[in-house]
Amino acid sequence: MQEAEIIEIQSGENFHFDCNQRVRCFNDCCCDLTQLLTPYDILRLKKNLGISSSVFLDRFTRQHSGPQTGLPIVSLKPRDPIHRLCPFVTSSGCSVYPDRPSSCRMYPVIRSVSRIGLNGKAIVKYMLIREPHCKGFECKRGRNVEEWIFDQELILYNQHNDAMAAFISLKNSNAPGRLPGNAQDLFHAALYDIDRFREQVFVEGRWAALLMGDVPVSAQTDDEEMLKLGLRVLKNFLQRTDLNI
Ligand code: SF4
Ligand code: SF4
């Protein structure tokens with residue numbers, strides 16, 4: 001079996017790739033699923049489906065805690081155990097296309113971000129993954145990675161995902177090792193189950209000691225604001241030397 005090839009690509013460098021309903025392999029990449037979801041992916045998908053984050057997580061995902069960190073890890077639950085089809089793939093394509101996850105948008109480009117120091121300058125590198133089953137590279141259309149990111153409407157996704165990556169670095173630096181059990185519930189709600197978190201903050205009055213400062217009223221209705229508020233609460237939690245809630 002042919003192996004996938006990974007090639008580094010420079011900013012501004014053209015590559016030839018396109019994906020549309022006319023490619024021979026249409027939908028081939030929406031099976032054999034092992035797809036992690038970011039907090040912003042979930043926000044977009046649950047909005048597309050018109051359901052709450054709790055229902056989305058229950059119906060469409062698998063969840064567990066990272067064994068080393070205790071951080072929640074959420075992935076899409078395949079529709080069947082053999083082909084491991086994505087729950088959203090149909091014969092005419094992706095049923096959640098305008099809100100598909102960042103990894104679906106980015107493919108075949110891999111974007112890696114590293115930082116010098118915790119708040120240091122981000123260094124972004126790009127790679128292309130060429131998998132034998134993917135015929136998109138036979139297309140003639142040329143684009144560079146910046147054009148690809150723009151065309152795939154990834155700018156906002158990358159902003160949220162970079163904020164999440166920076167937060168994970170902070171957690172691993174301030175609180176290395178496994179989070180205590182009660183903190184895992186807070187992290188799960190604040191990052192992935194934002195409708196539940198919203199209710200905890202605005203209805204049940206929980207996490208008052210961790211809110212510290214003005215709570216934006218817009219977070220009551222705006223999911224992006226709620227996600228930012230969640231990260232703020234978790235960062236405040238990580239400042240606690242005893243890591244107690
Ligand atoms: S979300 Fe859409 S594009 Fe992504 S794997 Fe599922 S069907 Fe394919
Ligand atoms: S061209 Fe590649 S990305 Fe597009 S459907 Fe085929 S396998 Fe998937």
ask   = If the Cβ limit is 8 Å and pairs must be 6+ apart or interchain, which residue in the stretch 179-195 that is over 16 Å from THR69 (Cβ atoms) pairs with which residue that is small (Gly, Ala, Ser)?
value = ALA189/GLY230; ASP193/SER53; ASP193/SER54; ILE194/SER53; ILE194/GLY230; ASP195/SER52; ASP195/SER53; ASP195/SER54
inquiry  = Any residue that is modelled with pLDDT of 90 or more, surrounded by 13 or more Cβ atoms within 10 Å (Cβ to Cβ) and of a type in the set (Gly, Ala, Ser) - is there at least one of those in the stretch 138-161?
reply    = no
query = Which pairs do you get when a residue that is farther than 20 Å from ILE82 by Cβ, found in the stretch 14-33, comes within reach of a residue that is near ligand 2 (Cβ under 7 Å from one of its atoms) and among the charged types (D, E, K, R), reach meaning Cβ atoms under 8 angstrom, with the pair 6+ apart or on two chains?
reply = VAL23/LYS135; ARG24/LYS135
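Would you point out which residue out of LEU191, LEU234 is in contact with a strand residue (DSSP E or B) (Cβ under 9 Å, 6 or more places away or on another chain), outside the structural domain of LEU43 (by TED's automatic domain parsing) and surrounded by 19 or more Cβ atoms within 10 Å (Cβ to Cβ)? Give the derivation first.
Details: LEU234 fails: in contact with a strand residue (DSSP E or B) (Cβ under 9 Å, 6 or more places away or on another chain).
Step by step, each of LEU191, LEU234 is checked, and only LEU191 is in contact with a strand residue (DSSP E or B) (Cβ under 9 Å, 6 or more places away or on another chain), outside the structural domain of LEU43 (by TED's automatic domain parsing) and surrounded by 19 or more Cβ atoms within 10 Å (Cβ to Cβ).
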Tally of residues being touching a Leu at 6+ places or on another chain (Cβ under 7 Å), β-branched (Val, Ile, Thr) and within 13 Å of ligand 2 (Cβ to nearest atom) across the stretch 82-141 = 1
ask   = Of these, VAL203, VAL233, which one is closer than 23 Å to ILE168 by Cβ and at pLDDT 95 or above?
value = VAL233
Test result for ILE82, closer than 26 Å to LYS235 by Cβ and surrounded by fewer than 17 Cβ atoms within 10 Å (Cβ to Cβ) = no
query = Does the stretch 164-179 include one or more residues that are buried (at least 16 other Cβ atoms within 10 Å of the Cβ), over 21 Å from ARG111 (Cβ atoms) and not charged (D, E, K, R)?
reply = yes
message = Any residue at all in the stretch 11-23 that's away from ligand 2 (no atom under 14 Å from the Cβ), more than 19 Å from ASP185 (Cα to Cα) and polar (S, T, N, Q)?
response = yes
request  = Check whether at least one residue in the stretch 99-111 is loosely packed, with under 12 Cβ neighbours inside 10 Å and not acidic (Asp, Glu), and report yes or no.
outcome  = no
task = Return a yes/no flag: does the stretch 170-179 have any residue that is in contact with a Leu (Cβ under 9 Å, 6 or more places away or on another chain) and hydroxyl-bearing (Ser, Thr, Tyr).
result = yes
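The values are calculated or read from the model by the stated rules, or taken from the named source; none is laboratory data. Note that the structure is a prediction, hence the values are computed from the model and not measured. Note that we place each Cβ from the backbone using ideal geometry, even for glycine, and neighbour counts take in every protein chain shown.
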